[in-house]
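Below: one structure, written as structure tokens.
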2 protein chains.
Amino acid sequence: MSKHVKIGIDLGGTRIKLGLVDAKGKVLLRREKDTPSRQGRSVIIDTIVDNIEAAIRDSGLRKKDISGIGIGVPGPVDSRRGIIHYFPNIKGWNNVPLKAILERRLRMKVNLDNDVNAMALAEHTFGAGKGTENLVCLTLGTGVGGGIIINGRIYRGSTMLAGEIGHIPINEKGPRCNCRGIACLERYIGNRYILERARKSLGRNITLEHLSGLARKGNKKANAIWIDVGKKLAVALTGVVNLLNPDMIVIGGGVSKAGDLILGPLRKELRARPMKDQARRVRVVRAKLGGDAGIIGASLL
Amino acid sequence: MSKHVKIGIDLGGTRIKLGLVDAKGKVLLRREKDTPSRQGRSVIIDTIVDNIEAAIRDSGLRKKDISGIGIGVPGPVDSRRGIIHYFPNIKGWNNVPLKAILERRLRMKVNLDNDVNAMALAEHTFGAGKGTENLVCLTLGTGVGGGIIINGRIYRGSTMLAGEIGHIPINEKGPRCNCRGIACLERYIGNRYILERARKSLGRNITLEHLSGLARKGNKKANAIWIDVGKKLAVALTGVVNLLNPDMIVIGGGVSKAGDLILGPLRKELRARPMKDQARRVRVVRAKLGGDAGIIGASLL
């Protein structure tokens with residue numbers, strides 16, 4: 001194995017993924033565990049440490065052969081100081097200096113960022129966004145996350161909280177969001193809201209996979225839901241395109257598995273609704289690195 | 001006069017303003033003329049050249065004592081190549097290489113940018129935004145223009161068209177905008193739309209100054225219009241604040257003379273509607289350099 005190997009960790013609400021990643025973004029070795037979310041913070045940290053040490057053992061490398069560890073986490077962080085502000089979906093992580101904790105235990109260099117920034121970095125460096133200068137990355141899932149690459153680098157904002165595309169309002173008035181905002185994009189197209197709408201429209205509980213399947217088989221009600229998801233996404237992204245004039249929008253996350261059911265109407269709207277020259281420039285593509293984006297991106301932090 | 005003197009020109013639809021500006025942003029000498037908009041492009045260019053030469057004569061300096069000329073123009077430009085794409089409000093300026101034309105005629109170095117970028121640069125360097133890192137600048141007038149400073153520098157986007165805050169949609173559905181978009185911010189709070197609304201509400205023609213006067217005297221209909229302008233602005237800016245997590249929003253332009261009639265409701269909404277930490281960070285202030293922002297900013301190009 002080359003010496004330019006890093007460890008990338010994708011800490012999620014349900015799974016911890018870890019990879020040894022080389023300088024070309026190739027994942028040389030993988031480990032994956034359930035996140036022991038209910039057992040509290042220290043058990044999660046132990047799990048991370050154990051898995052890093054196990055991965056190093058498995059690789060046959062020594063610690064000094066690994067040039068760094070990056071961790072993408074599911075919530076806002078101060079990436080400069082390596083402190084987690086909080087996790088919306090895992091309790092007990094308020095103001096945790098995870099970088100310092102891990103560096104002390106592992107005696108290796110550790111960097112943190114939020115998972116969407118890690119994904120944006122991975123897609124920009126090795127994935128769909130290779131060669132672009134200004135890139136906006138979205139993850140469609142429980143929430144709608146965003147990462148922004150500006151002039152080839154992650155843009156973090158003044159308090160490292162930039163990129164909240166899910167909380168762009170798409171109406172003056174509308175339903176209240178968990179974030180306290182009104183009519184946020186996420187409040188319409190977050191996972192659970194799509195499912196809620198499907199339940200009302202179809203009269204029964206249904207998974208997103210099933211909803212996609214129905215739409216592909218020609219079910220008009222199912223298709224109408226996906227079209228509307230694409231259109232609502234387009235309203236928020238019209239603002240982003242007119243504001244940031246990016247080269248590309250990369251779309252990933254679980255909900256994006258609906259693929260062209262969403263991307264079709266989204267692309268159509270994004271050709272028609274933003275200003276002409278901005279619309280002509282921007283390409284809308286699916287993320288390319290799939291489940292590996294998190295660990296590859298983390299290894300680049 | 002110091003040798004670090006530059007010429008800044010603010011080319012507007014109605015007036016051409018010119019200033020000799022020193023390294024501290026002080027305007028040492030001013031000239032101002034009507035823009036001969038109806039007489040065509042070459043007359044406008046002649047007017048610019050004549051005024052530059054007259055200003056240099058008046059200053060007692062020689063051309064070689066002036067370290068550069070910057071021009072802020074009322075429309076989209078390719079600032080790298082110095083080419084004007086077009087002016088929305090002056091005919092005959094499609095794809096004009098103004099930088100090359102002026103450099104040939106003046107034998108001096110010339111730089112171009114759009115007027116809102118020039119204003120953002122001025123406010124960031126010498127005005128309300130001094131010391132900020134990430135800044136969003138708005139001009140409220142006939143149109144709603146925007147300039148973005150990111151990490152201390154103008155952010156131009158992939159085809160130099162970034163910053164179109166006026167064309168962020170604030171509703172999924174709504175009136176069509178001149179830009180072809182739907183429910184753009186500008187379509188609600190551009191100059192003429194405010195006046196149209198005032199006419200309908202008050203039953204007569206009225207100026208913006210008069211509308212402000214009425215609101216200050218307690219006229220509820222007039223005040224309701226300004227409150228709504230502030231709220232609509234807040235919807236678009238909530239998206240900007242959640243997306244870019246800026247330090248500051250600077251507001252200038254003719255319509256902003258309504259001052260607290262707009263800023264009051266705007267600030268109130270921007271404390272309540274964006275995500276908490278982003279809302280806590282951002283300050284909303286009026287532009288400080290007033291009519292000089294254009295020439296000062298242009299001198300910095």
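A few comments on the model shown:
- In plain terms, the C-alpha convex hull of the protein assembly as shown casts an average shadow of 30.7 nm² when viewed from every direction.
- Structure-based [θ]222 nm, chain A - -39500 (n - 2.57) summed over DSSP H runs of at least 4, per residue, nearest 500: -11500 deg cm²/dmol
- Other-copy label distances relative to residue B:62, 7 angstrom Cα-Cβ extension, nm: 6.9
- At a probe radius of 1.4 angstrom, the accessible area of the protein assembly as shown per residue rounds to 43 square angstrom.
- A cut-off of 5 Å between modelled amide H atoms, ignoring neighbours fewer than 5 places along the same chain, links residue B:68 with B:7.
- Residue-by-residue Karplus 3J(HN,Hα) for segment A:227-239, coefficients 6.51, -1.76, 1.60, Hz, glycine and proline x: 4, 5, 4, x, 5, 5, 4, 5, 4, 4, 6, 4, x
- The largest-to-smallest principal axis extents of the Cα set in segment B:191-261 are 41, 20, 18 Å.
- Annotation: amide H of residue B:87 within the under-5 Å range of B:93, sequence separation 5 or more or interchain, hydrogens built in the peptide plane.
- Number of partner chain Cβ atoms within 10 Å, mean per residue of A:270-278: 5
- Shielding by partners, peptide B:169-177 (average Cβ within 10 angstrom, other chains): 5
- In Å, descending, principal axis extents of the Cα set of segment B:1-103: 38, 28, 20
- For the peptide A:142-155, the mean number of other protein chain Cβ atoms found within 10 angstrom of a residue's Cβ is 2.
- Among the protein heavy atoms, those of residue B:14 account for about 110 Å² of accessible surface (1.4 Å probe, every chain in place).
- Note, ³J(HN,Hα) from phi for segment A:70-77, Karplus 6.51, -1.76, 1.60, rounded to Hz, x at Gly and Pro: x, 10, x, 10, x, x, x, 9
- In nanometres and ascending order, the distances from the residue A:88 label point to those of the other copies are 3.3 (point 7 Å from Cα along Cα→Cβ).
- Inter-copy separations for residue B:32, label at 7 Å along Cα-Cβ, nm, ascending: 6.7
- Cα-based radius of gyration of segment B:43-199 once divided by 2.2 N^0.38 Å, which approximates compact folds: 1.19
- Helix A:191-202 vs. chain A, principal-axis angle (Cα, 0 to 90°, nearest 10): 30
- Binned Cα-Cα distances of segment A:131-287, short to long, each 5 Å bin given as a whole percent: 2, 9, 19, 22, 20, 15, 8, 4, 1, 0
- Exposure ranking of B:58, A:292, B:247 by accessible area [1.4 Å probe, largest first]: B:58, A:292, B:247
- Accessible-area composition of the protein assembly as shown, carbon plus sulfur, in percent [1.4 Å probe]: 47
- Range in chain A, longest, excluding exposed trypsin sites (Lys or Arg not before Pro) [loop by DSSP; at most 15 other beta-carbon atoms within 10 Å]: A:218-301
- Computed accessible area, residue A:284, all protein chains, 1.4 angstrom probe, square angstrom: 10
- Area hidden from solvent between A and B (accessible, protein heavy atoms only, 1.4 Å, total, Å²): 4100
- Ranking by accessible area, most exposed first, for B:4, B:124, B:85 with a 1.4 Å probe: B:4, B:85, B:124
- Vicinal HN-Hα couplings computed from phi for segment A:100-113 (Karplus, 6.51 cos²θ - 1.76 cosθ + 1.60; Hz; Gly/Pro x): 4, 4, 5, 5, 5, 6, 9, 6, 9, 6, 10, 10, 10, 7
The values are calculated or read from the model by the stated rules, or taken from the named source; none is laboratory data. Since we're looking at a predicted model, the values are computed, not measured. So basically every Cβ, Gly included, is an ideal-geometry build from the backbone, and we count neighbours across all protein chains shown. Ligands, DNA and RNA are excluded from the accessible area calculation, which covers all protein heavy atoms including side chains. Shrake-Rupley method; radii C 1.70, N 1.55, O 1.52, S 1.80 Å.
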